Amino acid sequence: MKILYVASGIPVPGNLGGSTHAYEVARGLSQRGHEVHVVAVSREGHTNLGHLFAPSQQQLDGVTIYHIDVPKALSLLTTPTIMALAHRLQPDVIMERYYNFAGAGMIAARLGKRPTLLEVNALIVDPPSIRKRQIDDRLGGPMRRWATLQCRWADAIVTPLQTTIPSGIDRTRIHETPWGADVDRFTPRPAQRPPDHQPTVVFVGSFRAWHGVAHGVKAARLLLERGVNARFLFVGHGPEFAQVTQLAGGHPNIVFTGAQPYAAMPAILASADIGIAPFDTHAHPALQAAGFFWSPLKIHEYMATALPVITSDITPLNQIVRHQHEGLLVPEADVPALAEAIATLLADPQRAQQLGAAGRERVVAHYSWQQHCAELEQIMQTIVDHPPKST
């Protein structure tokens, strides 16, 4: 198939979770023999309105990337450019990554009568407590209507959790498809460590409240104050960076690397012994309303690296990481429980390695980008061969 993948506002290549997702999907489909064309931005926050008339092009891992650098909130301005691109390429299917102010790919597909796949990675309609929803309500709900219309137009929808999609949408078009890890890029860490190796606990992710980075730092402080011999590595950046670095109190065993390129992540994870993901849905109203609808990259990549994982005991995280099978589960926002789980694995390296090995087996079997792309291929082939009637 020839696939046009519209990921408006997402930097590809880039270091964001969305960047990794779009890159791995495009690369994975290309490796399966498809001709893939991606619309994205060159880097976060960069604007070049000249790209509306002449997108820049880049070849990367067998994929053609068209950079249209407009502000993310103005993504619909790219509609004529994407329509012209679709007319020139004549793709068999157009896939678009959903975003509030996007939809140019869906318009191009609708007008060109092409099969469409909508990729949804967040709640389509925000809960009433969200400021954006409140503004939309005051305006009469144009954003909600546009979001719902895109779902109606889509021949198929892929999402980690179907509660992201409004209830009025035909559920037979919705495919729950988790994200994954590149199990060829992320491989088991060395079994034998150098004599001077210090046990290392790693957190990777956006420094936002619902990622639980503050809980991780507090747990690290508790353990270090108890004299536990370990190094705590926090990889990433975000709004809570200043707060959590202050929480660390300058302790030399709590290290902040800042944002790191995706290419560096396999080596960073391979240097660690335990991966933590203390997500806290209490800090995110949408997660409270719809359930944990994200498919967590960090957990999949920890598992691919054979790290035992400590995460929150919430669905679906507790279905990915099963307690005492691939890692340990702790209650949300329970810092002492998080610290105790870390201490348990640090005190029993053999058990930690067993859990990590089981995690590697599980992610290869169920949560790889390779499997994700195989499922996307099957969904796209079905709507190309037998397109359902969109409404």
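Where a number appears in this text, it was derived from the coordinates with a stated rule and is not lab data. Being a predicted model, the structure only gives us computed values, none of them experimental. Cβ coordinates were reconstructed from backbone atoms using ideal geometry, including for glycine residues, and neighbour counts include every protein chain displayed.
Per-structure values
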quantity: Most to least packed among 126-136, 304-314 [average Cβ atoms within 10 Å]; calculated: 304-314, 126-136
quantity: Built amide H within the under 5 Å cut-off of GLY14, gap 5+; calculated: none
quantity: Per-residue ³J(HN,Hα) for segment 18-26, Karplus 6.51 cos²θ - 1.76 cosθ + 1.60, θ = phi - 60°, Hz, x for Gly and Pro; calculated: x, 5, 4, 4, 4, 4, 5, 5, 4
quantity: Nonlocal amide H pairs with MET95, under 5 Å, H built at 1.01 Å; calculated: LEU4, TYR5, VAL6, LEU117
quantity: Helical contribution to [θ] at 222 nm, DSSP H n ≥ 4, -39,500 (n - 2.57), averaged over the chain, rounded to 500; calculated: -11500 deg cm²/dmol
quantity: Under 25 Å between alpha carbons - lysine pairs in the chain that sit 8 or more apart or on different chains; calculated: 6
quantity: For segment 310-380, fraction of C-alpha pairs farther apart than 19 Å, in %; calculated: 43
quantity: Helix axis angle, 213-225 relative to the chain longest principal axis, alpha carbon, degrees; calculated: 10
quantity: Contact order normalised by residue count of segment 200-366, Cα under 8 Å, 6+ apart, percent; calculated: 25
quantity: Pairwise FRET efficiency - GLN370 versus HIS46, Cβ, R0 = 35 Å, nearest 0.05; calculated: 0.65
quantity: Values of log10 I(q)/I(0), in the order q = 0.11, 0.13 Å⁻¹, for the chain under a Debye, Cα-only, solvent-free model; calculated: -0.80, -1.09
quantity: Relative contact order of the chain, pairs being alpha-carbon contacts under 8 Å that are 6 or more residues apart, as %; calculated: 16
quantity: Inter-label distance for THR315 and GLN59, nm, one decimal - labels placed 7 Å from Cα along Cα-to-Cβ; calculated: 4.8
quantity: Dipole magnitude of segment 200-366, debye to nearest 20 (Cβ charges: Lys/Arg +1, Asp/Glu -1, about Cα centre); calculated: 200
quantity: Among beta bridges that DSSP assigns inside the chain, antiparallel share in %, nearest 5; calculated: 10
quantity: Sequence-separation-based contact order of segment 68-124, relative, with Cα cut under 8 Å and 6+ spacing, percent; calculated: 38
quantity: Loop-located GluC sites (Glu not before Pro) in segment 28-115, at most 16 other Cβ atoms within 10 Å (DSSP); calculated: GLU44
quantity: R0 of 25 Å, Cβ-Cβ distance LEU77-ARG171: FRET efficiency to nearest 0.05; calculated: 0.15
